[in-house]
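The values are calculated or read from the model by the stated rules, or taken from the named source; none is laboratory data. Predicted, not measured: the structure shown is a model, and the values here were computed from it. For neighbour counting, all protein chains shown are included, and Cβ atoms are generated from backbone atoms with ideal geometry for every residue, glycine included. With ligands, DNA and RNA removed, areas are computed over all heavy atoms of the protein, side chains included. Shrake-Rupley method; radii C 1.70, N 1.55, O 1.52, S 1.80 Å.
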Amino acid sequence: MSARDPMMKPLPSANPDRFVVRPVTLWFDRFMNYFITVGGLSIIVAVSLIFVFILLQVFPLFRGARVEFQASLAVPPDEYVFLGTDEWSELPFFVNRQGELVFVDTVEPGGPHHRPPFTRAPGWLGEVDVSAIAYNDHRWQLLYGTADGRFAIVDVRYEAKFLDRGGRQVSVELEETPLLRIGREGAPVQQLASGNSGTQAIVAAVQEVDGRCELHAVTLVQQRTLLGDGELSVGRSYDLTEYLDGNPQYLLVPSDADSVLIGLDDGRVLYLSFDGSEFSKRQMFVPFRDLGDRRIASMNFLLGDVSLVFTASCGANRIYSVYRDPAWDARIWGPTKTFPNLDRGARFYSAAMRNKAFLIGGGRVAALRYGTTESVRWHDELPFDVSLAALGPRYDRLLFLDDQATLHCYGLDDPHPQAGWRTYFGRIQYEGQAAPEFSWQSTGGRDDFERKLSLVPLIIGTLKGTFYATIFALPISLLAAIYTSQFLRPEIKRYVKPIMEIMASLPSVVLGFLAALWLAPIISNAVPSLLLAAATVIVAALGVGYFWGHLPQRIRVRLKPGYEFLAFVPVMLVVAYAGWQLGFVVERALFVVEDPSTGLHIADFRSWFPHATGLSFEQRNAFVVGFVMGFAVIPIIFTIAEDALSNVPEAFRSGSLALGASRWQTAVRVVLPTASAGIFSAIMIGLGRAVGETMIVVMATGNTPVTEFNPFTGMRTLSANIAVELPEAPYLGTLYRTLFLGALVLFLLTFLINTVAEILRQRLREKYRAVE
């Protein structure tokens, strides 16, 4: 047939309209290009905005205190010894040496509600000579000691009244007790201190008798009836002079009224314990033993009265806290914090009523420091010499009285004094602890409880859960992917892979529920059986595989390639059951411990493990979480890894088999390296699921923040902590922002893991890419 034959059909390539693209197609193609580009950029912008939002929530945690001058007020000239203030810092008072209280209104100087300074005094003040005064600013309580050996307690009672014309005015009343006898009659009281726990109250006093000092203490008794509180009286009296071997310079009694602390003029501190009936000497310590001049310049309690703030004459500033010492089997004082030195010994001191901050200084230097973290929140040199200072009860104001009888008021903005790098990532010795440690404990049952906000236990918990989930899920998912893609028959594979993908949709709350209520009790009662069953299955699988590979060909051909699991699975089930039953025999033989309640020897791994290792064993633990979280991770790793293995070009397999390699050699030495980039991506995505898992961890671990990798203890992860704590965290409070910091750490952790994974994936892809 010639080229001009009329029966010949024109070739498709000869039709020019075939290569003409319709305008609608071109428009849709351009639209999708723009849409995908905008979508990708939008995702980047959205993630960046989330990061910026979290960063803005976290940033205030790491800034210092802000102090701004507000006003100066004239105070009636006098020699004042104490400065106190009400809750709102609106009506501070000054105590002179005669015991009178001078109140100064700081609200609206010159305004319609402003009051001129006024004086209050106890009713008996003119009848006796005051020889000593002490002030407890946390209870707004004054103690008066007289020259004839008596004492009285005066409570400063503030009350806020709302005026008819608008505004608020703070009023004050003095509630005083009668003069009570303490120590030797007629001996002047030089120092006073008191403590009242609600059920027990004591007052201690130093008196001068014939040129020497005596130490006395009394208990206070107050009868309570249906008509109200009765009159206060002295209960028992104690002469503690025998414990003194120096001149007392400072005298303190904690609010629990369980001890008396005496600072001596040679730098020693005497600690006398009170058990409710008798005093005993428990400890003598020297806060500045390592200094040339060991004398104490100031000695004061921090909030809670279980920490003492000392300064030396050279300006050294240290904190001692009370904790239980195992060697003493008693609560003793020990050094816990050291601050930068002041220019000199402290001349003024005021402890915060809401946290562990304290205001301290001397001369023109003032500093706001935080006792828990050893941080200096604010430090400045003022334009005047300070004689007295007070830290506002609401932690929002600083008051300074200078030598010219002028009160200077400063505003304080320090919403997160406890926060800082050391709080979140360093070891801190909290009150009551014998050594520094990482600790997370955001709530407590007492008003003076201090939050412990270290993120280290949460980071360790996150890594711990990920680790145990990975060591369980990784070998199972990868080996299953290799077997499914390289050895399993296609007609069976069509059912296996969808079933595995359906497993990924199983809600984590269901897995957590099963783990907590069903699986955890089973595993805790049969740990040896579970471990032995797993070990025997692994050994049996290797043995059966080796045995099958060495069988004669005439026997192996009876099973088609890809159906070998029909012979393997029954053997594995039998071996697993035998290993499980053998575990109970091993437990009775090896894990025997004496029951402390009955004295009998019992076979119980749960009791044996803590006795043998010193570690704890909890029913809901990381072992259970790893097992259950593995089921959530296995489908993800399996699906992606199987796709990567199945997409290796068939020519690679055929060439390897044609050269004489076995199917296993082909899978391990050819297919697996070629698909390594995809497999690595599968592992990283699985790790990301484990790192961010929440409900399984919350329900199956007990949610306890610990810093150990013991598989039989619980844990708390960053994600679980955010889910549990955020609904109860006060808005914009320290805990609220700390949880955002935990989210930022989790964000950075996953970002770092994904970045490293992507770099390694690209290198593997370049190394094992297919030949073009």
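Residues in the range 492-500: is at least one free of Cβ contacts under 8 Å to residues at least 24 places away in the same chain and of a type in the set (Phe, Trp, Tyr)? Yes; the residues of the range 492-500 include at least one that is free of Cβ contacts under 8 Å to residues at least 24 places away in the same chain and of a type in the set (Phe, Trp, Tyr). You will find that of Tyr577, Tyr495, Tyr483, the residue that is among the hydroxyl-bearing types (Ser, Thr, Tyr) and either at pLDDT below 85 or open to solvent by less than 70 Å² (accessible area, probe 1.4 Å) (or both) is Tyr495 and no other.
Remark: pairs (first residue in the range 176-204, more than 21 Å from Asp265 (Cα to Cα); second residue among the aromatic types (Phe, Trp, Tyr); Cβ separation under 8 Å; 6+ apart in sequence or on different chains) = Glu176/Trp124; Pro178/Trp124; Leu179/Trp124; Leu179/Phe151; Leu180/Phe151; Ile182/Phe151; Ile202/Phe274; Val203/Phe151.
Residue pairs whose Cβ atoms lie under 9 Å apart, separated by 6 or more positions or on different chains, with the first residue in the range 256-268 and over 26 Å from Gln200 (Cβ atoms) and the second part of a loop (DSSP other than H, G, I, E, B) and open to solvent by less than 10 Å² (accessible area, probe 1.4 Å), are Gly267/Pro287; Gly267/Phe288; Arg268/Pro287. Taking residues in the range 700-711 that are touching a residue at least 12 places away in the same chain (Cβ under 8 Å), and partners anywhere that are among the basic types (Lys, Arg) and not in a loop (DSSP other than H, G, I, E, B), the pairs with Cβ atoms closer than 7 Å and at least 6 places apart or on different chains are Phe709/Lys464. Of all the numbered requirements in (1) surrounded by 13 or more Cβ atoms within 10 Å (Cβ to Cβ); (2) part of a helix (DSSP H, G or I); (3) out of contact with any Leu (no Cβ under 7 Å at 6 or more places or on another chain), Trp88 misses one, and that requirement is (2).
When you check Val206 against the structure, is it open to solvent by less than 50 Å² (accessible area, probe 1.4 Å) and touching a Cys at 6+ places or on another chain (Cβ under 7 Å), yes or no? Before the answer, list the steps.
Numbers: open to solvent by less than 50 Å² (accessible area, probe 1.4 Å): yes; touching a Cys at 6+ places or on another chain (Cβ under 7 Å): yes.
So Val206 fits the description; yes.
Return only the number of the condition from (1) touching a strand residue (DSSP E or B) at 6+ places or on another chain (Cβ under 9 Å); (2) in a loop (DSSP other than H, G, I, E, B) that Thr738 does not satisfy. Failed condition: (2). Considering the conditions (1) farther than 23 Å from Gly630 by Cβ; (2) touching an Asp or Glu at 6+ places or on another chain (Cβ under 8 Å), Gly702 is excluded by exactly one of them, (1). Return the only residue of Pro60, Pro112 being open to solvent by less than 40 Å² (accessible area, probe 1.4 Å), out of contact with any Leu (no Cβ under 8 Å at 6 or more places or on another chain) and either at pLDDT 90 or above or not in a helix (DSSP H, G or I) (or both). Step by step, each of Pro60, Pro112 is checked, and only Pro60 is open to solvent by less than 40 Å² (accessible area, probe 1.4 Å), out of contact with any Leu (no Cβ under 8 Å at 6 or more places or on another chain) and either at pLDDT 90 or above or not in a helix (DSSP H, G or I) (or both).
What strands (runs of 3 or more DSSP E) completely inside the range 358-434 contain at least 2 residues that are open to solvent by less than 20 Å² (accessible area, probe 1.4 Å)? If you could, list the steps in order and put the result at the bottom.
Details: elements: 365-370, 375-381, 386-391, 397-402, 406-413.
Because the criterion is at least 2 residues that are open to solvent by less than 20 Å² (accessible area, probe 1.4 Å), the strands (runs of 3 or more DSSP E) in the range 358-434 that meet it are 365-370, 386-391, 397-402, 406-413.
Among the residues of the range 365-401, the ones that are among the charged types (D, E, K, R) and over 27 Å from Tyr430 (Cα atoms) come to 3 in all.
Is it the case that Val668 is surrounded by 21 or more Cβ atoms within 10 Å (Cβ to Cβ), out of contact with any Phe, Trp or Tyr (no Cβ under 6 Å at 6 or more places or on another chain) and of a type in the set (Val, Ile, Thr)? Against the criterion (surrounded by 21 or more Cβ atoms within 10 Å (Cβ to Cβ), out of contact with any Phe, Trp or Tyr (no Cβ under 6 Å at 6 or more places or on another chain) and of a type in the set (Val, Ile, Thr)), Val668 does not qualify. The strands (runs of 3 or more DSSP E) found wholly in the range 211-314 and carrying at least 1 residues that are touching a His at 6+ places or on another chain (Cβ under 8 Å) and surrounded by 12 or more Cβ atoms within 10 Å (Cβ to Cβ) occupy 228-239. Could you say whether any residue in the range 510-528 is open to solvent by 30 Å² or more (accessible area, probe 1.4 Å), farther than 29 Å from Ile640 by Cα and either of a type in the set (Val, Ile, Thr) or in contact with a Lys or Arg (Cβ under 9 Å, 6 or more places away or on another chain) (or both)? Yes: one or more hits. In the range 270-298, the residues that are within 26 Å of Val218 (Cβ to Cβ) reach residues that are of a type in the set (D, E, K, R) and not in a loop (DSSP other than H, G, I, E, B) with C-beta atoms within less than 6 angstrom, at least six apart or across chains, in these pairs: Tyr271/Arg282; Leu272/Lys281; Ser273/Arg282.
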